[in-house]
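J.: I have a structure I would like to understand better, so I am pasting it below and will then ask my questions one at a time.
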Amino acid sequence: MCPSVRRPVTHEERSARVFRALLALYPAAFRDEYRRELTLVFIDRYRDAASPWDRARLFLDALVGILAEAPKEHYRMILQDLRYAWRALRQHALMTTTIVVTLGLGIGANTAMFSLLNAVVLRTLPVPDADHLFVVRAGFPLASGNRFSGPMLERLRQGAPDGVGIAAMSRVARVYARNADGREIEPAALQLVSPDYFRVLGVTPVRGRALPGDEDGALAASPVAVVSHAYWRRRFAGAPDVVGRTLVINGTGFTIVGVGPQGFSGVWLESPVDAWVPLTMQGAVKYSQNYSADGADFSRGWVSQERIWWLEVIARSRPEQTAETTAALNASVQGVANDARLTLEPFAQGFSLFRQRFEAPLYALIAMAALVLLIACANVANLLLARAAGRERDIAVRMALGAGRGRLLQQLLAESALLVLMAGAAALLFARWAGDLLVRTATASATGPAPFAAAVDMRVLGFTAAVAFASVVLFGLVPAWRQTRLDLVGALKAGARGASGSSRTRPARFLVMLQVALSLVLVTGTGLLVRSFQNLLDIELGFERGHLLSVSIDPRLSGAAAKDMPGLHQRLLDAATAVPGVSSASLAMCGIQGGCRSRETGLNIEGYQARPDEQVAFTVNVVSPGYFSTVGLRLVAGRALNDGDLANTPTVAVVNKTLATKYFADGQAIGRRFGQTARNVEIVGIVDDARLLNVKEPAVPSVFFSLAQRQVSARSLDVRTKGDPAPLAAAVRRAIVEAAPTLPIEGITTMEERVRVSLSQERLIMFLTSAFGALALGLAGFGLFGVLSYAVARRTSEFGIRMALGASRSHVVWTVVRDALWLVLYGFLMGVPFVLLGGDLVSSLFFGVSPHDWATLLAATVTLLGVGTLCSMLPALRASRVDPIVALRQE
């Protein structure tokens, strides 16, 4: 047998192959219409080619032409598909509106939650190279609570390697400011910073300059200030001559030397800064918050004192040099503490206590919003499947006339894409409105500007686009795929009613079961969070919050000298108690539920031996006599502080039960002593535990000193009334103004209102989860109603035959209701594992309730069964009213 000999491929054949490959790049419709013309043109040009180089150029020209023409054809086809889709959607306006609203709610909920996540967790500081910023962390004795002293800042700055910047700042303080030529005083947010603060952050003022000394980092003592761009626009109406004006802050005049860039309001997320002043102005602005002290002299400035820790320190260093920077900084402090260690932590996002508390709940809320979107997509898919049944004949005719399946899929997906575009636009509008509302609710800032904005930026737009694309895939692909998989003969014979049989409803029934499963997760989670929030409301706080009015004041800003402060305190107490309806009044350094966490560390307690690694610390409050009876703290042993506890008498204190039982084995703290250097404080009383700091936070070791023995500024005036305290707020305010006309009143609220505000985040979480749960129930019920209505329409002849053979109307009703209950039961079985898993993941959000609380799961199940029964009644009654004769004639 002779071996076969391959005939060599001619240039014409090779060219034809290449041309066919190039032609395949065209859209199918364009290729089918112009194949003959393109082939003839190519063959003619090829024949005229005189050399291989001409043929190669011919191939390149053809490739460029096809690649240039193909996108144009695709673009024209897409426009044609969108026009066709728009006409089809307009013909079914009610269904289109329902789908757009359903998807808009699902996508809008996700977009709104993501915009809040973006503002709180994902967004970095608006400064150049934010990933080069680090915060310096250390423990005692280098720092106390990660706060550094002024001399320690100088050591760090001098020991930093070349090219590494070190800056420091205080916490943001609330002050009162006014223009030098005006009388209007308004609250403002102030931060004390080192002169190199702006240089380290990479921030350049848009007007004027930064603080003096910025070139070498030296601490300047000039009374100058840099105001934020937002404060410049709000307070000075954007005046171009703002540089050089005087801003009076807490009674001290500061010359404005610069205006910060737009969008930059400091490094604290929830505390935007209005003005920055040098650290050396601490005494001038009367700053005295968020500090730890040991043997300090408060008559002098804080910057030069080694034993006052009050500064947060940040560094700018290239990420690859952090190890070198850390080693250099540690070397610079070895003389202070040989065993101490400094660390650098990323600071690209800045500081935020709100982020620490709200990050975990925020992720849980986003997961719930995603479940709502899945339910909405399942609902829309059911609607499109129901609509597909009425379009089977139309699709079958088009396929019989030669329309390809891919072309039909493209047209059907164009309808889904158009629906998502409309829903996405509505979702963005909703998210823009809801973002500000969520921020205000979460931060309890009902009035004034929100501390930060949940803006719709490019990241949010990208997320919305991704969610919209995923929605098209989730709800559009399955109906489109089923619509193009038709038995042409059966579809054409079935006419407008479409193919019969239960197989057409199986995907819709599965989607309903999926909706029920996801709804079970949301409804159960909602029930657990509602019960958790109710537990917070019902918890025993340890003090009597009823009939209690709380006034936030700051006597340091009244202009009174330190020696005159006791007299001012007494005038305030006398004025408040003189108001009709007031039974008692007291003063305190830290108000209840006010966020004050004054602590003393390094204490030495009689009879208690601390571990080597233990730092004994108490929460400290300084109060006036009568404080415990005014706020309703029960005395359990010993005596309360009284008028006999004066500055010239031995120092005494009252402690709570937690301190007594933790540091004294027998719990008998009366007569015991403690102190920092010497045990010079005697415990004279024990009060019951109370949740004074936060509703969710149990009592911590706390000690109460006498205001007469510790001359500090009282920041809270507590007033107990005989009746409802709210109507007396105005009278108490007038009495304070008459007693101290120059004393600023920062706020006056009832204790019930203050507790309510302290639970603003928990209330927001409960509200959102309740909204998600209600929306999920509504969508699941709507989906169940739609599937049952479609099934009843399909089974009209079946119900007619049954009733003709003697079936009662109640039997027909029960048949439909039973189908609905089976769907709910199957959905319940699908959802239980997700409920158990999800409860473990978000258990930190619950208070006083188990994440596997079976009573809540049972209540959610009963709710779903009730919704299923309710939504099935109308289709069931419609089925029971079928006329057997009419049904049989239609068949």
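The values are calculated or read from the model by the stated rules, or taken from the named source; none is laboratory data. A quick note: this is a predicted structure, and the numbers were derived from the prediction, not measured. Cβ coordinates were reconstructed from backbone atoms using ideal geometry, including for glycine residues, and neighbour counts include every protein chain displayed.
J.: Report the residue count in the stretch 171-201 for those that are closer than 19 Å to THR255 by Cβ, charged (D, E, K, R) and not in a strand (DSSP E or B).
T.: So the count comes out to 1.
J.: Please determine whether any residue of the stretch 146-153 is in a loop (DSSP other than H, G, I, E, B), at pLDDT 90 or above and not assigned by TED's automatic domain parsing to the domain that holds ARG597.
T.: yes
J.: In the stretch 255-307, how many are closer than 22 Å to LEU211 by Cα and either not in a loop (DSSP other than H, G, I, E, B) or not assigned by TED's automatic domain parsing to the domain that holds ARG174 (or both)?
T.: 13
J.: Can I ask one more? Report, by residue number, each residue of the stretch 233-250 that is in contact with a Gly (Cβ under 6 Å, 6 or more places away or on another chain) and either hydrophobic (A, V, I, L, M, F, W, C) or not in a strand (DSSP E or B) (or both).
T.: Once the filter is applied, which keeps residues that are in contact with a Gly (Cβ under 6 Å, 6 or more places away or on another chain) and either hydrophobic (A, V, I, L, M, F, W, C) or not in a strand (DSSP E or B) (or both), the stretch 233-250 yields only VAL243.
J.: Another one. Just checking, which of TYR663, TYR627, TYR608 is among the hydroxyl-bearing types (Ser, Thr, Tyr), at pLDDT 85 or above and over 24 Å from GLY145 (Cβ atoms)? Step through it out loud before you land on a result.
T.: Numbers: TYR663 fails: over 24 Å from GLY145 (Cβ atoms); TYR608 fails: over 24 Å from GLY145 (Cβ atoms).
Going through TYR663, TYR627, TYR608 in turn, just one is among the hydroxyl-bearing types (Ser, Thr, Tyr), at pLDDT 85 or above and over 24 Å from GLY145 (Cβ atoms): TYR627.
J.: Restricting to the stretch 593-630, and then to whatever is of a type in the set (D, E, K, R) and not in a loop (DSSP other than H, G, I, E, B), can you tell me which residue is surrounded by the fewest Cβ atoms within 10 Å (Cβ to Cβ)?
T.: Once the filter is applied, the top-ranked residue is ARG599.
J.: Filter the stretch 573-593 down to residues that are within 19 Å of GLU544 (Cβ to Cβ) and of a type outside the set (A, V, I, L, M, F, W, C) and give me whichever is nearest to the chain's Cα centre (by Cα).
T.: GLN593
J.: Do we have THR97 as among the β-branched types (Val, Ile, Thr), out of contact with any helix residue (DSSP H, G or I) (no Cβ under 9 Å at 6 or more places or on another chain) and surrounded by fewer than 17 Cβ atoms within 10 Å (Cβ to Cβ) here?
T.: yes
J.: For the subset of the stretch 133-142 comprising residues that are surrounded by fewer than 22 Cβ atoms within 10 Å (Cβ to Cβ) and not aromatic (Phe, Trp, Tyr), which member is modelled with the highest pLDDT? Break it down stepwise before answering.
T.: Kept after step one, since they are surrounded by fewer than 22 Cβ atoms within 10 Å (Cβ to Cβ), are these residues of the stretch 133-142: 135, 137, 139-141.
Cutting the leftovers down to not aromatic (Phe, Trp, Tyr) gives us 135, 137, 139, 141.
Details: VAL135: 94, ARG137: 91, GLY139: 78, PRO141: 77.
The extreme case among them is VAL135.
J.: How many residues, within the stretch 154-170, are assigned to a loop (DSSP other than H, G, I, E, B), of a type outside the set (Asp, Glu) and either outside the structural domain of ALA225 (by TED's automatic domain parsing) or farther than 24 Å from ALA225 by Cα (or both)?
T.: Our first condition is that a residue be assigned to a loop (DSSP other than H, G, I, E, B); within the stretch 154-170, this holds for 160-164, 170.
Still in the list and also of a type outside the set (Asp, Glu): 160-161, 163-164, 170.
After this cut, where a residue has to be either outside the structural domain of ALA225 (by TED's automatic domain parsing) or farther than 24 Å from ALA225 by Cα (or both) as well, the list is 160-161, 163-164.
Residues that pass the stated criteria total 4.
J.: Within the stretch 154-178, take every residue that is over 31 Å from the mean Cα position of the chain (by Cα) and over 16 Å from ASN330 (Cα atoms) and give me the one that is modelled with the lowest pLDDT.
T.: Applying the filter and picking the extreme gives ARG178.
J.: Sticking with this one: Scan the stretch 862-884 and tell me whether some residue there is under 29 Å from the mean Cα position of the chain (by Cα), of a type in the set (A, V, I, L, M) and under 30 Å from TYR363 (Cβ atoms).
T.: Looking through the stretch 862-884, none of the residues is under 29 Å from the mean Cα position of the chain (by Cα), of a type in the set (A, V, I, L, M) and under 30 Å from TYR363 (Cβ atoms).
J.: Residue check: is THR749 surrounded by 22 or more Cβ atoms within 10 Å (Cβ to Cβ) and β-branched (Val, Ile, Thr)?
T.: In short, no.
J.: Test PHE618 against the stated conditions and say whether it is within 30 Å of ALA444 (Cβ to Cβ), in contact with a Pro (Cβ under 6 Å, 6 or more places away or on another chain) and not hydroxyl-bearing (Ser, Thr, Tyr).
T.: Considered against the rule, which asks whether it is within 30 Å of ALA444 (Cβ to Cβ), in contact with a Pro (Cβ under 6 Å, 6 or more places away or on another chain) and not hydroxyl-bearing (Ser, Thr, Tyr), PHE618 comes out as yes.
J.: So ASP297 clears everything in (1) among the acidic types (Asp, Glu); (2) under 31 Å from the mean Cα position of the chain (by Cα); (3) more than 30 Å from MET766 (Cβ to Cβ) except one condition, right? Which one?
T.: That leaves (2) as the condition not met.
J.: Yes or no: VAL636 in contact with an Asp or Glu (Cβ under 8 Å, 6 or more places away or on another chain) and in the same structural domain as ARG691 (by TED's automatic domain parsing)?
T.: Values: in contact with an Asp or Glu (Cβ under 8 Å, 6 or more places away or on another chain): yes; in the same structural domain as ARG691 (by TED's automatic domain parsing): yes.
Criteria met by VAL636.
J.: Of the conditions (1) at pLDDT below 90; (2) part of a loop (DSSP other than H, G, I, E, B); (3) buried (at least 22 other Cβ atoms within 10 Å of the Cβ), LEU365 fails just one. Which one is it?
T.: Of (1) at pLDDT below 90; (2) part of a loop (DSSP other than H, G, I, E, B); (3) buried (at least 22 other Cβ atoms within 10 Å of the Cβ), only one is false for LEU365: (2).
J.: Return the residues of the stretch 714-763 that are among the β-branched types (Val, Ile, Thr), in contact (Cβ under 8 Å) with a residue 40 or more places away in the chain and farther than 30 Å from VAL530 by Cβ; say none if nothing qualifies. Explain how you work it out, then say what you get.
T.: Here is the first cut: in the stretch 714-763, the ones among the β-branched types (Val, Ile, Thr) are 719, 721, 732, 736-737, 742, 745, 748-750, 755, 757.
Still in the running and in contact (Cβ under 8 Å) with a residue 40 or more places away in the chain: 719, 721, 732, 736, 742, 745, 748-750, 755, 757.
Selection gives VAL719, THR721, VAL732, ILE736, THR742, ILE745, ILE748.
J.: Right, another one. Can you name the condition, by its number, that ALA381 falls short on among (1) closer than 30 Å to LEU94 by Cβ; (2) modelled with pLDDT of 80 or more?
T.: Among (1) closer than 30 Å to LEU94 by Cβ; (2) modelled with pLDDT of 80 or more, ALA381 violates only (2).
J.: Run GLY781 past the list (1) closer than 28 Å to VAL695 by Cβ; (2) touching a Cys at 6+ places or on another chain (Cβ under 7 Å) and report the number of the one that doesn't hold.
T.: Evaluating GLY781 over (1) closer than 28 Å to VAL695 by Cβ; (2) touching a Cys at 6+ places or on another chain (Cβ under 7 Å) leaves (1) as the failure.
J.: Please return the ranges of helices (runs of 4 or more DSSP H) entirely within the stretch 778-891 where 2 or more residues are crowded, with 20+ Cβ neighbours inside 10 Å, in the same structural domain as THR524 (by TED's automatic domain parsing) and touching a residue at least 60 places away in the same chain (Cβ under 8 Å).
T.: Result: 796-804, 809-841, 854-880.
J.: Looking at (1) of a type in the set (S, T, N, Q); (2) assigned to a loop (DSSP other than H, G, I, E, B); (3) closer than 23 Å to GLY667 by Cβ, find the lone condition where ASN642 falls short.
T.: The failed condition is (3).
J.: How many residues does the stretch 308-328 hold that are out of contact with any strand residue (DSSP E or B) (no Cβ under 7 Å at 6 or more places or on another chain) and in a helix (DSSP H, G or I)? Break it down stepwise before answering.
T.: Of the stretch 308-328, the ones out of contact with any strand residue (DSSP E or B) (no Cβ under 7 Å at 6 or more places or on another chain) are 318-321, 323-324, 327-328.
From the residues that got through so far, the ones that are in a helix (DSSP H, G or I) too are 319-321, 323-324, 327-328.
Total satisfying the criteria: 7.
J.: For residues that are out of contact with any strand residue (DSSP E or B) (no Cβ under 7 Å at 6 or more places or on another chain) and either more than 25 Å from ALA653 (Cα to Cα) or not polar (S, T, N, Q) (or both), scanning just the stretch 570-590, find the one that is surrounded by the fewest Cβ atoms within 10 Å (Cβ to Cβ). Before the answer, list the steps.
T.: From the stretch 570-590, those out of contact with any strand residue (DSSP E or B) (no Cβ under 7 Å at 6 or more places or on another chain) are 570-571, 574-575, 578-580; that's our starting set.
Among the residues that remain, those that are also either more than 25 Å from ALA653 (Cα to Cα) or not polar (S, T, N, Q) (or both) are: 571, 574-575, 578-580.
On the way: ARG571: 15, ASP574: 12, ALA575: 20, ALA578: 13, VAL579: 18, PRO580: 8.
Of everything passing the filter in the stretch 570-590, PRO580 is surrounded by the fewest Cβ atoms within 10 Å (Cβ to Cβ).
J.: What's the number of the only condition in (1) part of a loop (DSSP other than H, G, I, E, B); (2) surrounded by 18 or more Cβ atoms within 10 Å (Cβ to Cβ) that THR649 fails to meet?
T.: (2)
J.: Further question on the same structure: Looking at LEU692, LEU717, LEU728, which one is buried (at least 21 other Cβ atoms within 10 Å of the Cβ) and within 31 Å of the chain's Cα centre (by Cα)?
T.: Working: LEU717 fails: within 31 Å of the chain's Cα centre (by Cα); LEU728 fails: within 31 Å of the chain's Cα centre (by Cα).
Residue meeting the stated conditions: LEU692.
J.: Among the candidates ALA386, ALA331, ALA296, ALA340, which residue alone is more than 28 Å from PRO555 (Cβ to Cβ), modelled with pLDDT under 90, surrounded by 16 or more Cβ atoms within 10 Å (Cβ to Cβ) and aliphatic (A, V, I, L, M)?
T.: Going through ALA386, ALA331, ALA296, ALA340 in turn, just one is more than 28 Å from PRO555 (Cβ to Cβ), modelled with pLDDT under 90, surrounded by 16 or more Cβ atoms within 10 Å (Cβ to Cβ) and aliphatic (A, V, I, L, M): ALA386.
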